[in-house]
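Asker: Sharing a structure below in structure tokens format, with a few things to ask.
The values are calculated or read from the model by the stated rules, or taken from the named source; none is laboratory data. Every value quoted in this text rests on a predicted model; they were computed, and no experiment measured them. Cβ: placed from backbone, ideal geometry, glycine included. Neighbour counts: every protein chain shown. When the accessible area is computed, the model is the full protein with side chains, heavy atoms only, and any ligands, DNA or RNA have been set aside. Shrake-Rupley method; radii C 1.70, N 1.55, O 1.52, S 1.80 Å.
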Amino acid sequence: QVQLAESGGGLVQAGGSLRLSCAASGGSFSNYDMGWFRQAPGKEREFVAAISWTSSSTYYADSVKGRFTISRDNVMNTLYLQMNSLKPEDTAVYYCAGTHRSAYSLQYSLPDYWGQGTQVTVSS
């Protein structure tokens, strides 16, 4: 069973950038398709982005398309989310997630594994 630990969150001004990382341990990282979710205060957790284990397929929520980029390093067992042109509405706790199913499925179903989350706050 894989354990996931996010880092890289923080406070940034609107228009700025952050890169989130998710370190995986305790399992074979390359066996999992991976993704990012987020949860803003008072809102449900929502899908942000997903990537297949080969990095050949990526998927994004419409709200982040063109601004966020998901990537992974299967040698370093790490998942990344590069976030550019951040907006105040991107403020949320961001969660790393892993699934035994496809990256595509993360758009519509919950993953099998979650990280503990990292806070991203975008000031206006």
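Asker: Just one of 15, 27 is in a loop (DSSP other than H, G, I, E, B) and at pLDDT below 95; which is it?
Answerer: Criteria check complete, one pass: 27.
Asker: Right, next: When you look at residue 94, is it closer than 16 Å to residue 106 by Cβ and open to solvent by less than 20 Å² (accessible area, probe 1.4 Å), yes or no?
Answerer: The answer is yes for residue 94.
Asker: Do we find that residue 44 is of a type in the set (D, E, K, R) and part of a loop (DSSP other than H, G, I, E, B) in this structure?
Answerer: When the stated conditions are applied, residue 44 passes them.
Asker: Let me ask something additional. When the residues of region 5-33 are filtered to those that are closer than 21 Å to residue 121 by Cβ and in contact with a Phe, Trp or Tyr (Cβ under 7 Å, 6 or more places away or on another chain), which remaining residue is most open to solvent (accessible area, probe 1.4 Å)?
Answerer: Residue satisfying both the conditions and the ranking: 19.
Asker: If the requirement is being of a type in the set (A, V, I, L, M, F, W, C), over 21 Å from residue 124 (Cβ atoms) and open to solvent by less than 20 Å² (accessible area, probe 1.4 Å), which of these qualifies: 53, 36?
Answerer: 36
Asker: If I ask for residues that are in a loop (DSSP other than H, G, I, E, B) and open to solvent by 30 Å² or more (accessible area, probe 1.4 Å), which ones from region 68-87 would you list?
Answerer: 74, 75, 76, 77, 84, 85, 87
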